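To start, the structure under review is shown below, and the notes come after it.
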Amino acid sequence: MMKVPLIKPDLPAFHEIEGPFREVLESGKITNFGQFVTQFEADAGAFLGTQVATVSSGTLGLILTLQALGLERGQKVILPSFTFMATAQAVLYAGGVPVFADIGEDMTLSPTDLETLLNRHEDVAVVLPVHMYGLPCQVGKISQVVNEAAQRLGRSIAILYDAAHAFGAELGGQRVGSFGAAEVFSLSVTKLLVSVEGGLVSSRDPDLIRVIRRMRNYGIEQNYDAQWPGLNGKMSELHAIIGLQNLRKVRENLAVRTEKAAHYTRYIEDSTCFRTIPVPPESTHTFKDFTVLVPPSMRKKRDAIIRFLSNMGVETRAYFDPPVHRQSYFMRFATRTLPTTEDYARRVITLPFFTSISEAEMSRVVAALAEAERTFTQSLTA
Ligand SMILES: Cc1ncc(COP(=O)(O)O)c(C=O)c1O
């Protein structure tokens, strides 16, 4: 039986990194902001049109950026509950209090619910939307709602985008990375740009990036004098070499993914009852994850469908179920129901998708979905 994995990471061939690996190992300059980290920051910044600081993970990038934006202990941060828990963990580690918002039909932060929350909570310091699966949020509406609240309150409210899934995404011809006060990318293995582990903080504000560079290096300004809060958030040269090599292929990989995702979408929509999430014409989606929704009538069968697909050799996940406000550690912050989040979390199935996915693998997944539909529609009517 043909098995289709959830992902296959985009990694360089050994010969592509052999030379630089040998160079850093022989010179002993394997960390502490050597030539490859410096080059990676310059090239990623040129790609995004921003200033960039490398960090050891997306989670650490979020923690440091929340603090660099001035978040103080006990201040509120609005974020969607429909996300990976790292978004909310970062808020807590940075000293903030998470306030969970609902999502819209595009599975990103609902500007309407954001407005409701900003009217209800006067002490919000940061809004932290997530470009879900690599689909850009409704950036224009979010900034309008936040600006109106900031004007009403007579102070600023920062917008920090969790862009963990979204390196390469675009909105209205502008690359994700340049929106809000800052955006944070993850470079872990499931992402379009991989450095094995790692993250990037991206901003148009050079002063903010300068502070992040201090904070990721124990808060040291110079001469071992810590002038900032800080942790060890350094990226090694070895990780930067892999990131740099992958960055060279990002445009090409994105074009391949866009074409394959469009084909997969048509195929699924034409042959099954599972629904894909529409991509607005002004958006470029990275498809870090390719998620479909089971029809509302089959919601209770979602977990059985996942097992069925697994038995047919198709590996899937339910990204992101349970949503964060339903997770044990975060339930104490769940003060209200989030209807769209709760509905979609029960209906998501994340399908195999990666840059090198073949036509045969996509056909196999669609055939398995069609088979699942036949089996579970029969069991519903039986
Ligand atoms: C939405 C979201 N935010 C943050 C992170 C954390 O990134 P990292 O694993 O690089 O710490 C992830 C990880 O995949 C994520 O999915």
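The values are calculated or read from the model by the stated rules, or taken from the named source; none is laboratory data. All of these numbers come straight from a predicted model, not from anything done at the bench. Please note: Cβ atoms are built from the backbone with ideal geometry, for glycine as well, and neighbour counts cover all protein chains shown. For accessibility, only protein heavy atoms count, side chains too; no ligands or nucleic acids. Shrake-Rupley method; radii C 1.70, N 1.55, O 1.52, S 1.80 Å.
Return the only residue of SER195, SER156, SER178 being hydroxyl-bearing (Ser, Thr, Tyr), buried (at least 23 other Cβ atoms within 10 Å of the Cβ) and modelled with pLDDT of 95 or more. Quick ask: steps written out before the conclusion?
Values: SER156 fails: buried (at least 23 other Cβ atoms within 10 Å of the Cβ); SER178 fails: buried (at least 23 other Cβ atoms within 10 Å of the Cβ).
It is SER195.
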Search region 173-199 for residues that are more than 10 Å from the ligand (Cβ to nearest atom) and pair each with any residue that is among the acidic types (Asp, Glu) when their beta-carbon atoms are under 7 Å apart and the residues are at least 6 apart or on different chains. VAL176/GLU170; VAL176/GLU183; GLY177/GLU183; ALA181/ASP205; VAL194/ASP10
Taking into account only those residues within region 258-306 that are under 13 Å from LEU135 (Cα atoms) and in a helix (DSSP H, G or I), which is least open to solvent (accessible area, probe 1.4 Å)? ALA261
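Residues checked against (1) more than 14 Å from the ligand (Cβ to nearest atom); (2) within 26 Å of ASN253 (Cα to Cα); (3) outside any helix (DSSP H, G or I):
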{"position": "ASP10", "(1), (2), (3)": "yes, yes, yes"}
{"position": "ILE30", "(1), (2), (3)": "yes, no, yes"}
{"position": "THR38", "(1), (2), (3)": "yes, yes, no"}
{"position": "GLY45", "(1), (2), (3)": "yes, yes, no"}
{"position": "LEU60", "(1), (2), (3)": "no, no, no"}
{"position": "GLU72", "(1), (2), (3)": "yes, no, yes"}
{"position": "LEU79", "(1), (2), (3)": "no, no, yes"}
{"position": "VAL99", "(1), (2), (3)": "yes, no, yes"}
Just for region 1-41: of the residues that are free of Cβ contacts under 8 Å to residues at least 60 places away in the same chain and hydrophobic (A, V, I, L, M, F, W, C), which one is least open to solvent (accessible area, probe 1.4 Å)? ALA13
Filtering region 111-127 down to residues that are open to solvent by 70 Å² or more (accessible area, probe 1.4 Å) and part of a helix (DSSP H, G or I) yields THR112, GLU115, ASN119, ARG120
Would you please list the contacts, defined by Cβ atoms under 7 Å and residues six or more apart or on different chains, that run from a residue in region 280-291 that is closer than 16 Å to TYR264 by Cβ to a residue that is within 12 Å of the ligand (Cβ to nearest atom) and of a type in the set (Phe, Trp, Tyr)? THR286/PHE167; PHE287/TYR133; LYS288/TYR133; ASP289/TYR133; ASP289/TYR319; THR291/TYR133; THR291/TYR319
Residues in region 307-318 that are crowded, with 16+ Cβ neighbours inside 10 Å and part of a helix (DSSP H, G or I) total 2
